[in-house]
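In what follows, a structure is listed as structure tokens, so that the remarks can point back to it.
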Amino acid sequence: MEKGLVYVIDMGSSLSEALVRRVIDMGQYIVFRKWDMKVDPRAEMEAYKDTLRAVIISGSARNINSKKKVPPSLPPEIFQTQVPILAICYGMQYLAHLQGVPIVRCWNEQDPAKRTPKAMKVDVGEFGPTLFKRTVEDSVLFKGLGQAFPVWMKHNWMLESLPQGWRHTGGTDRCPVAAMEQANIFALQFHPEPAASLFGRTILHNFLTYACGLSTPYF
């Protein structure tokens, strides 16, 4: 079985442990880093350059538009490795934000008149099992899956539009841009890592196998 080193970056997600567990259970070695750890990313990327096979960027409980708390960010060295990258939830929003795409509220409240600051404090956004619809046939992430299938959502914010040069690969009724990709970078608004994600293991398997050239057990 082909194994590789997967660099997992926790941007402040409550699901980071589930993400790490998934990758380990799929037979890979990992380096786990929090986004604000005091490490030298240039030195790390140099040290791992011969064994690094993938980078996974987690979601976050923080908001990229926040003025009160510093939004999680990444050093440019992460994007200079040339290995496939999978960005999840906040990770996807972060990539879009870097290219100037607005990140807007994804309301659970459907009546615009009721979308008040007070309502925002209790609004859960898009949460739980949600029907995802593919917009392309050939994305390697969705190999073996149908045109529509349930995914696990857990977010209050989303992309307002697709970044220039990216390919739109799927969406939901309330989150039109829920998946996108560009070359060897893949981004998902939904979470494939929790056990509640019915096809999450399949999507992670597809990423590691078809994008990264690795193998995972039990498939």
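The values are calculated or read from the model by the stated rules, or taken from the named source; none is laboratory data. Keep in mind that what you see is a predicted model, and the values were worked out from it rather than measured. Quick reminder, even Gly has a Cβ in these numbers, built from the backbone with ideal geometry, and neighbours come from all protein chains shown. Remember, those area values only see protein heavy atoms, side chains included, never the ligands or the DNA or RNA. Shrake-Rupley method; radii C 1.70, N 1.55, O 1.52, S 1.80 Å.
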message = Against the 2.2 N^0.38 Å scaling, with N counting residues, where does segment 149-217 land? I'd like the Cα-based Rg ratio to two decimal places.
response = 1.15
ask   = If the limit is 30 Å between Cα atoms, which of Lys114/Lys143; Lys34/Lys118; Lys67/Lys118; Lys67/Lys114; Lys3/Lys68; Lys38/Lys133 go over it?
value = Lys114/Lys143; Lys34/Lys118; Lys3/Lys68; Lys38/Lys133
remark   = segment 1-83: spread of alpha-carbon positions along the three principal axes, whole Å, largest first, is 46, 27, 19
inquiry  = Could you identify which residue out of Ala195, Ala47, Ala96 has the top mean-square fluctuation in a GNM of the chain using Cα springs shorter than 10 Å?
reply    = Ala47
key: Leading residue at positive end of dipole, the chain (Cβ point charges), from Pro72, Pro192, Met180   = Pro72
remark   = Excluding residues fewer than 8 positions from Lys49 in its own chain, the aspartates and glutamates with Cα under 13 Å of it are Glu77
Volume per residue of the C-alpha convex hull in segment 180-219, rounded to whole Å³ = 68 Å³
inquiry  = Report D for segment 14-136 in µm² per second (integer): Stokes-Einstein, Kirkwood Rh on Cα pairs, 4 °C, 1.567 mPa s.
reply    = 76 µm²/s
query = Anyone know which of Val136, Val122, Val151 comes out most mobile in the 10 Å Cα GNM of the chain?
reply = Val122
inquiry  = Before I look further, what does the chain give for accessible area per residue, probe 1.4 Å, in whole square angstrom?
reply    = 49 Å²
note = Amide H proximity to Gly12 below 5 Å, modelled H, separation 5+ or other chain, gives Trp35
query = When the chain is modelled as a GNM with alpha-carbon springs shorter than 10 Å, which of Asp111, Asp50, Asp123 fluctuates the most?
reply = Asp111
remark   = Computed Rg/Rh for segment 129-170 (Cα atoms; Rh = Kirkwood radius) stands at 0.98
request  = Can you send over the solvent-accessible area of Ser14, 1.4 Å probe, protein chains only, in Å² to the nearest 10?
outcome  = 90 Å²
ask   = Taking the DSSP beta bridges in segment 4-74 as the whole, what percent of them are antiparallel, to the nearest 5?
value = 0 percent
ask   = Rounded to two decimals, what ratio of Rg to Rh does segment 105-155 give with C-alpha atoms and a Kirkwood Rh?
value = 1.15
ask   = Do the sum for the chain: with -39,500 (n - 2.57) for every DSSP H run of n ≥ 4, divided by all residues, what is the mean residue ellipticity at 222 nm, to the nearest 500 deg cm²/dmol?
value = -4500 deg cm²/dmol
inquiry  = Could you compute how much accessible surface Leu131 exposes when probed at 1.4 Å, giving the result in Å² to the nearest 10?
reply    = 90 Å²
key: Cα-based radius of gyration of segment 92-189 once divided by 2.2 N^0.38 Å, which approximates compact folds   = 1.12
request  = Quantify, in whole percent, the carbon and sulfur part of the accessible surface of the chain (1.4 Å probe; protein heavy atoms only).
outcome  = 54 percent
remark   = One quarter of the C-alpha convex hull surface, i.e. the mean projected area of the chain in nm², amounts to 12.0 nm²
